[in-house]
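The values are calculated or read from the model by the stated rules, or taken from the named source; none is laboratory data. Keep in mind that what you see is a predicted model, and the values were worked out from it rather than measured. Methodologically, a virtual Cβ is constructed for each residue, glycine included, from the backbone with ideal geometry; neighbour enumeration extends over all protein chains shown. Accessible surface is based on the protein model in full, side chains and every heavy atom, while ligands, DNA and RNA are left aside. Shrake-Rupley method; radii C 1.70, N 1.55, O 1.52, S 1.80 Å.
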Amino acid sequence: QPWRSPGEPQAPFSLPPPRWPVECEVIQETIEHIEWTPPKPEPFCPPMGPEQTLYTLSEEQGTVVYHSSPVLQGSRFIRARVGGAPGPLSSPAAPLEGPQDTTLLFESRFESGNLQKAIKVGPHEYVLMLRPDLYTAKHTQWFYFRVQNMRQEPLYRFTIANMAKPKSLYGQGLQPLLYSQQDAQSRGIGWRRVGTNVRYCRGSAGEPPTFRLSWTVRFPHDGDTCFFAACYPYTYSDLQRYLRALAADPTRSRYCTVRALCRSLAGNTVYLLTITSPGGTAGKRVVVASARAHPGESGGSWAMRGFLDFLLSSHADARLLRRLFVFKVVPMLNPDGVVVGNSRCSLAGQDPNRAYGRALPGSFPGVWHLRAMVQRVLAEREVVLYCDFHGHSRKNNVFMYGCDAGGDSTGTRLRQRVFPLMLSKNAPDKFSFSSCKFQVQKSKEGTGRVSMWRLGVSHSYTLEVAFSGSTLGGRSSHFSVEDLKSLGRLLCDTLLDFCDPEPAKLRQCLVEADALLQRQMGREPGSGGSWSDVSPSELESSTSGSDSSVSDG
């Protein structure tokens, strides 16, 4: 029941292992990583110019040393099982010829892994190909794979040859992530930024064009087990471990219930958390939050993790939030995509964050059931805020997209901008208000943000977290996991400011938002000119909004 009061005993819920499409081979080893925050921020690396020659690297120039690509049984998903493909595993890696063979051993057949092929083109140089999202031929961006049999001394060069997007933060100082198992076990060091000579440039001249990410790196140890990733991984099993600890905690489980919103196409549970103080929900407004519609945007999961950590804490502000609101949280909307290591799509082979307007429960169950849940809630009470957590591969910092259709009053249009403006004041070294956009483009009608706004959620936002880091407040450094988690707490702080019965902060931000818009239009703040009849597109530059505008048209 949507309004069963937390505090009542909840039935134990099972956490079965992930279900995979039957075409996917899955290794038996459990992959887990420790959490770690670097002692000081990791600076962006100096951006390198594009390579002078767009030379072609192909299998003919090297040796395929790893090739793992599911043999799909058709053009669409058919069935799934725990553990993926039945029967013995194949051997996608070329066997070593002896102890002197220094060829790297690659592996990606684990949860959220993505590497399709590795070609050795030099003694310490490898060309890599990513696997497109399952049941599609595109969306190559997320990578996460294991490397073994390395030597400490050589400088290795890796080139991912089939990246999909023309622009990337890798061209502005973003570095890949490395995890050393030896360093984790002996020194407590987790994921860290690595790579010199990081370049992002045009690759093949074919259609559609592909783009090339390359970097050089020295491994910290001989014979280590290391991982590379595009962003800090956060898997479906990571979420399940978090929920298991939550259910076992007698304090936190008093004000949080965990239920199945629905099951995904593969049969994985889409979890719904209801968080509020025990003792009834009469008079309480609702806040709805979701994350991981796009599986390759794992930074959104870490921000969501910080949001949940704070809401479920004993902090006085967390207790106040639980007294004031009912929180309905879907921390992983697209578990299938996360499990198989997709960048953008679910097993329907399409972007779930373009499916809200036309979603069918049989094709996009998470999206359909989330929207239906919000409709039911709106029939009973006000939803004060919807926030969908995402990641962004082309713009630094954290920012939001809101909804300003242009037909509303000046006051309503200003209020759309107040929550992001408040968040920028609470997170001045992370959140960029100037990067926020409020235009409702036709191509974005199928997003969660616009769909919830159309249903009647007056303040509906997409939170975009850069894959890279911050250029604000004197920073020019990557986000750590701790930075990402702090965004969840800062979002909670901002919610209290936004809903404060004492209106001073709200009034101040309304005045400031008006002054900013007047300046954007070339007017003097306080000049009295109205902009209520100005269209949102005129108020904003023509720069592209969503991270998908290139790949999804």
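Couple of notes before you dig in:
- Once the stretch 440-482 is narrowed to residues that are surrounded by fewer than 21 Cβ atoms within 10 Å (Cβ to Cβ) and among the acidic types (D, E), the residue that is farthest from E42 (Cα to Cα) is E445.
- Looking across the stretch 281-326, the residues that are part of a loop (DSSP other than H, G, I, E, B), of a type outside the set (A, V, I, L, M, F, W, C) and either open to solvent by 30 Å² or more (accessible area, probe 1.4 Å) or under 14 Å from C492 (Cα atoms) (or both) come down to G283, S313, S314, H315.
- Some residue of the stretch 510-520 being surrounded by fewer than 18 Cβ atoms within 10 Å (Cβ to Cβ), among the basic types (K, R), at pLDDT below 95 and not in a helix (DSSP H, G or I): no
- Yes/no for R354 being in contact with a Ser or Thr (Cβ under 8 Å, 6 or more places away or on another chain) and more than 21 Å from R305 (Cα to Cα): yes
- Taken together, Y179, Y126, Y170 contain a single residue that is under 23 Å from P46 (Cα atoms) and part of a helix (DSSP H, G or I), which is Y170.
- All positions within the stretch 263-275 that are at negative phi and in contact (Cβ under 8 Å) with a residue 60 or more places away in the chain: R263, S264, L265, A266, N268, T269, V270, Y271, L272, T274, I275
- Test result for P208, under 23 Å from G349 (Cα atoms), open to solvent by 20 Å² or more (accessible area, probe 1.4 Å), part of a loop (DSSP other than H, G, I, E, B) and not assigned by the TED database to the domain that holds D483: yes
- When residues of the stretch 397-410 are limited to those that are in a loop (DSSP other than H, G, I, E, B) and among the polar types (S, T, N, Q), the one farthest from L495 (Cα to Cα): S409
- Here R259 clears all of (1) under 30 Å from N197 (Cβ atoms); (2) surrounded by fewer than 21 Cβ atoms within 10 Å (Cβ to Cβ); (3) not hydroxyl-bearing (S, T, Y) except the condition numbered (1).
- Residues that are crowded, with 18+ Cβ neighbours inside 10 Å and in a strand (DSSP E or B), drawn from the stretch 79-104: A80, A93
- Screening the stretch 211-248 for residues that are hydroxyl-bearing (S, T, Y) and assigned to a helix (DSSP H, G or I) and picking the one that is nearest to the chain's Cα centre (by Cα) gives Y236.
- Unique match (being more than 27 Å from S470 (Cα to Cα), modelled with pLDDT of 95 or more and buried (at least 18 other Cβ atoms within 10 Å of the Cβ)) among L128, L178, L174: L128
- From the list F399, F364, F431, the one residue that fits, being surrounded by 20 or more Cβ atoms within 10 Å (Cβ to Cβ), hydrophobic (A, V, I, L, M, F, W, C) and over 30 Å from R475 (Cα atoms), is F364.
- Near pairs, Cβ below 8 angstrom, 6+ apart or cross-chain, from the stretch 144-159 (buried (at least 18 other Cβ atoms within 10 Å of the Cβ)) to any residue that is among the basic types (K, R): Y156/R218; T159/R212
- Any hit, the stretch 186-201, residues being buried (at least 16 other Cβ atoms within 10 Å of the Cβ), on the phi > 0 side of the Ramachandran plot and not hydroxyl-bearing (S, T, Y): yes
- Taken as a whole, the structure leaves A405 outside the set of residues that are in the same structural domain as L495 (by the TED database) and under 23 Å from the mean Cα position of the chain (by Cα).
- Filter result for R254 (within 30 Å of K328 (Cβ to Cβ) and open to solvent by 10 Å² or more (accessible area, probe 1.4 Å)): yes
- Scope the stretch 380-396; condition open to solvent by 10 Å² or more (accessible area, probe 1.4 Å) and either under 20 Å from A289 (Cβ atoms) or assigned to a helix (DSSP H, G or I) (or both); matching residues: E380, R381, E382
- Which numbered condition T140 fails, given (1) within 27 Å of the chain's Cα centre (by Cα); (2) closer than 29 Å to M48 by Cβ; (3) open to solvent by 30 Å² or more (accessible area, probe 1.4 Å): (3)
- Here the condition is being assigned to a strand (DSSP E or B) and either at pLDDT 95 or above or of a type outside the set (G, A, S) (or both); of V374, V329, V339, it holds for V329 alone.
- The listed residue being at pLDDT 95 or above, of a type outside the set (A, V, I, L, M) and under 30 Å from R259 (Cα atoms), out of D222, D183, D238: D238
- Which listed residue is of a type in the set (V, I, T) and either open to solvent by less than 20 Å² (accessible area, probe 1.4 Å) or not assigned by the TED database to the domain that holds N149 (or both), from T235, T225: T235
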